[in-house]
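The values are calculated or read from the model by the stated rules, or taken from the named source; none is laboratory data. The structure presented is a predicted model; accordingly, all values stated were derived computationally and were not measured. When we count neighbours, we look across all protein chains shown, and the Cβ atoms used for this are built from the backbone with ideal geometry, even at glycine. Ligands, DNA and RNA are excluded from the accessible area calculation, which covers all protein heavy atoms including side chains. Shrake-Rupley method; radii C 1.70, N 1.55, O 1.52, S 1.80 Å.
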Amino acid sequence: MDTFWPQVSEWLFGERAFAVLRALLLVLAGFVLAKFVSSSALRLFGRQMSQHHLILLKRLLFYTTLGLFLVSALRELGFKLSVLLGAAGILTVAVGFASQTSASNIISGLFLLGERPFSVGDVVKIDNTMGEVLSIDLLSVKLKTYDNLFVRIPNETLIKSEVTTLTRFPIRRFDLQIGVAYKEDIPHVNEVLLQVADSNPLCLEEPAPAIIIQGFGESSINIQLSVWAARSNFLALKNSIYIDTKAAFDQAGIEIPYPHRTIYAGSQSDPIAVRVTRGASPEQEADLS
Amino acid sequence: MQTQSAFTPWWGDFSLDIGDTMHWHFGALELSLQRLRSEWQVRSRTIAGLPEEGRQVSMNPEASPLSHYSRLERCICHSSSRHFRLLPVLADRAVVTRPSTPVHLPRGEKVTLYVSSPLWIRAVVCATAEWSLEMPVIVPSDTWFGASTYDGELCYAARTGARLYLDDIAPRAHRALTQVSIHNKGDDTLLLERLKLPVPFLSLYATENGVLWTESLSIVREQDMSTATLQIQRSPPDTVGAVMLISPARVHMEKGIFVRALNAMFG
């Protein structure tokens with residue numbers, strides 16, 4: 001009991017207590033300063049930088065500032081930095097062996113940051129997943145799909161996969177594939193298709209709409225109408241061009257054929273017998289067949 | 001200077017009593033404004049297949065029933081003021097125009113072109129909040145103006161081409177005219193295929209006979225041949241007579257001079 005109070009008193013008012021207090025104050029000040037610095041960077045560079053770069057800069061400033069204050073706090077508590085760093089090195093090797101996948105994801109993440117194939121807010125297609133990029137993190141990229149699902153894709157997968165960024169360029173091309181009957185006059189069909197493109201205000205005048213004859217199909221002559229639209233109007237253009245083309249073909253009497261089948265019984269067989277009747281009722285036709 | 005038809009000004013301040021409606025035809029656009037006790041209703045629709053000669057501006061025409069309008073915008077005002085304003089404004093993007101056939105401009109030569117640009121109608125209602133609504137008289141086609149499909153600018157395509165003579169442009173009360181003079185100071189011939197008008201930087205002026213003009217533009221292709229200087233003059237050409245400012249430019253520019261790469265102006 002005699003030694004207890006002096007010990008408590010030394011803990012509370014001694015040098016060590018002040019060191020702990022100073023360390024706590026340093027961590028607190030570091031946290032506040034890191035928040036302030038990162039928010040100020042947002043305000044300062046908000047207009048010049050993309051959202052993706054802003055998030056990166058904010059995180060970098062926050063963790064660097066906080067890290068410096070944490071190191072100072074540890075020094076206040078009497079830890080030697082060189083020993084800590086040495087221990088951290090050994091720990092890194094051990095953790096690295098134990099978590100190869102995570103390390104691979106982190107390194108892939110760094111490559112992604114450098115290469116910058118997309119930014120936060122872009123719409124991307126990765127394998128069969130299409131969605132808006134919510135965040136690009138150290139281990140993974142988070143997407144929100146159009147049916148409102150949250151998808152996490154590891155950075156390692158991204159590095160190995162084909163990634164399509166749909167919102168990179170301001171304009172996009174839409175290819176309308178359509179087949180017309182063999183009896184149709186192809187130059188006339190082309191004229192009608194170009195008129196459809198010309199009268200649609202969403203369809204860009206330049207780059208000019210183009211028509212490509214894809215070839216003779218099984219039942220139709222296949223044609224491709226390629227039109228361009230502003231990225232934001234792409235879906236509206238896609239819908240309207242289908243509607244307009246159908247209406248224009250109906251008006252011009254251009255046939256979009258169903259698949260045709262010609263049945264051939266072979267040279268050694270008799271032809272398939274066909275009887276044509278006029279004015280027969282459906283029941284009589286059924287009897288005849 | 002060629003003559004232009006006279007039009008009755010259709011813009012300005014109007015007033016409506018509660019429950020009353022006013023109708024306009026702006027070419028193929030039909031517009032109606034209705035004032036209710038604490039609400040303004042702005043209806044519009046586009047009349048398909050209207051012949052070109054029928055595309056004029058008329059106020060209080062034989063109006064379609066309100067249910068026929070395809071678009072409706074509502075603005076709630078606690079006590080709606082009886083006054084509202086209707087204004088013509090220019091497009092919010094640059095307009096790309098082209099001569100009916102490409103024109104060659106040999107070195108040292110000057111040419112003056114006349115361009116007709118589409119207009120938007122701005123209805124300003126609810127005096128306390130200054131709520132406004134804009135709609136194009138004719139929705140112009142989009143077009144891309146740039147060196148490649150990834151480097152350029154989204155613009156509107158002018159349906160009527162640039163003309164050498166003002167009389168070749170059909171008079172329309174719902175379009176604005178711009179005089180563009182081009183001077184080729186380069187060492188070779190300049191081929192004029194397309195021309196981008198920086199419409200958001202232009203203001204609208206009305207002449208005494210109700211024709212809408214923008215400031216004149218003067219473009220000089222510099223001797224280095226890779227750049228062109230575009231200067232926005234202070235007013236429409238003097239030959240149109242006295243003018244009055246109707247609506248200021250959407251984007252204010254201090255000096256009124258652009259120096260751009262040649263292909264950023266002529267495509």
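Give me the strands (runs of 3 or more DSSP E) completely within the stretch B:183-231, filtered to those with at least 3 residues that are of a type in the set (A, V, I, L, M, F, W, C) and in contact (Cβ under 8 Å) with a residue 60 or more places away in the chain, ordered by residue number. Lay out the reasoning, then the answer.
Values: elements: B:190-192, B:195-197, B:204-207, B:217-221.
Hits in the stretch B:183-231: B:190-192.
Any idea how many residues of the stretch A:39-72 are among the polar types (S, T, N, Q) and over 20 Å from residue A:122 (Cα atoms)?
So the count comes out to 5.
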Could you tell me which of the residues A:264, A:182 is hydroxyl-bearing (Ser, Thr, Tyr), exposed (fewer than 15 other Cβ atoms within 10 Å of the Cβ) and in contact with a strand residue (DSSP E or B) (Cβ under 8 Å, 6 or more places away or on another chain)? A:182
Is at least one residue of the stretch A:249-264 at pLDDT below 90, within 30 Å of residue B:160 (Cβ to Cβ) and charged (D, E, K, R)? no
How many residues are within 12 Å of another protein chain (Cβ to nearest Cβ) and closer than 17 Å to residue A:167 by Cα when one looks only at the stretch A:216-235? 7
When the stretch A:243-258 is checked residue by residue, the ones that are away from chain B (no Cβ under 12 Å) and surrounded by fewer than 13 Cβ atoms within 10 Å (Cβ to Cβ) are A:243, A:250, A:251, A:253, A:258
Criterion: among the polar types (S, T, N, Q) and open to solvent by less than 10 Å² (accessible area, probe 1.4 Å) - qualifying residue of A:226, A:232, A:219, A:240: A:226
Go through the stretch A:40-60 residue by residue and tally those that are open to solvent by less than 50 Å² (accessible area, probe 1.4 Å) and touching a residue at least 12 places away in the same chain (Cβ under 8 Å). 5
Across the stretch A:157-170, what is the total count of residues that are away from chain B (no Cβ under 12 Å) and closer than 20 Å to residue A:108 by Cβ? 8
Do we find a residue being surrounded by fewer than 19 Cβ atoms within 10 Å (Cβ to Cβ), among the polar types (S, T, N, Q) and over 25 Å from residue B:101 (Cα atoms) anywhere in the stretch B:180-187? no
Just to be sure I understand, how many residues within the stretch A:87-111 are open to solvent by 20 Å² or more (accessible area, probe 1.4 Å) and under 24 Å from the mean Cα position of the chain (by Cα)? 8
Give, as residue ranges, the strands (runs of 3 or more DSSP E) completely inside the stretch B:107-147 that count at least 1 residues that are charged (D, E, K, R), without any contact (Cβ under 8 Å) to a residue 24 or more places away in the chain and within 14 Å of another protein chain (Cβ to nearest Cβ). B:141-146
Within the stretch A:171-204, of all residues that are among the charged types (D, E, K, R) and within 14 Å of chain B (Cβ to nearest Cβ), the one farthest from residue A:219 (Cα to Cα) is A:172
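Matching residues to (1) modelled with pLDDT of 85 or more; (2) farther than 19 Å from residue B:210 by Cα; (3) touching a helix residue (DSSP H, G or I) at 6+ places or on another chain (Cβ under 9 Å):
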position: B:124; (1), (2), (3): yes, yes, no
position: B:127; (1), (2), (3): no, yes, no
position: B:142; (1), (2), (3): yes, yes, yes
position: B:150; (1), (2), (3): yes, yes, no
Filter the stretch B:148-163 down to residues that are assigned to a strand (DSSP E or B) and either within 29 Å of residue A:166 (Cα to Cα) or within 7 Å of chain A (Cβ to nearest Cβ) (or both), then give me how many there are. 6
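If only one of A:114, A:131 is among the small types (Gly, Ala, Ser) and either assigned to a loop (DSSP other than H, G, I, E, B) or open to solvent by 40 Å² or more (accessible area, probe 1.4 Å) (or both), which one is it?
Numbers: A:131 fails: either assigned to a loop (DSSP other than H, G, I, E, B) or open to solvent by 40 Å² or more (accessible area, probe 1.4 Å) (or both).
It is A:114.
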From the set of residues in the stretch B:121-161 that are surrounded by 21 or more Cβ atoms within 10 Å (Cβ to Cβ) and aromatic (Phe, Trp, Tyr), which is farthest from residue B:21 (Cα to Cα)? B:145
Quick one: how many residues across the stretch B:50-77 are at pLDDT 65 or above, within 25 Å of residue B:169 (Cβ to Cβ) and not hydrophobic (A, V, I, L, M, F, W, C)? 1
From the option list A:69, A:118, single residue qualifying as within 19 Å of residue A:24 (Cβ to Cβ), of a type outside the set (S, T, N, Q) and at pLDDT 80 or above is A:69
Go through (1) surrounded by fewer than 18 Cβ atoms within 10 Å (Cβ to Cβ); (2) among the acidic types (Asp, Glu); (3) under 23 Å from residue B:249 (Cα atoms) for residue B:167 and report which single condition fails. (3)
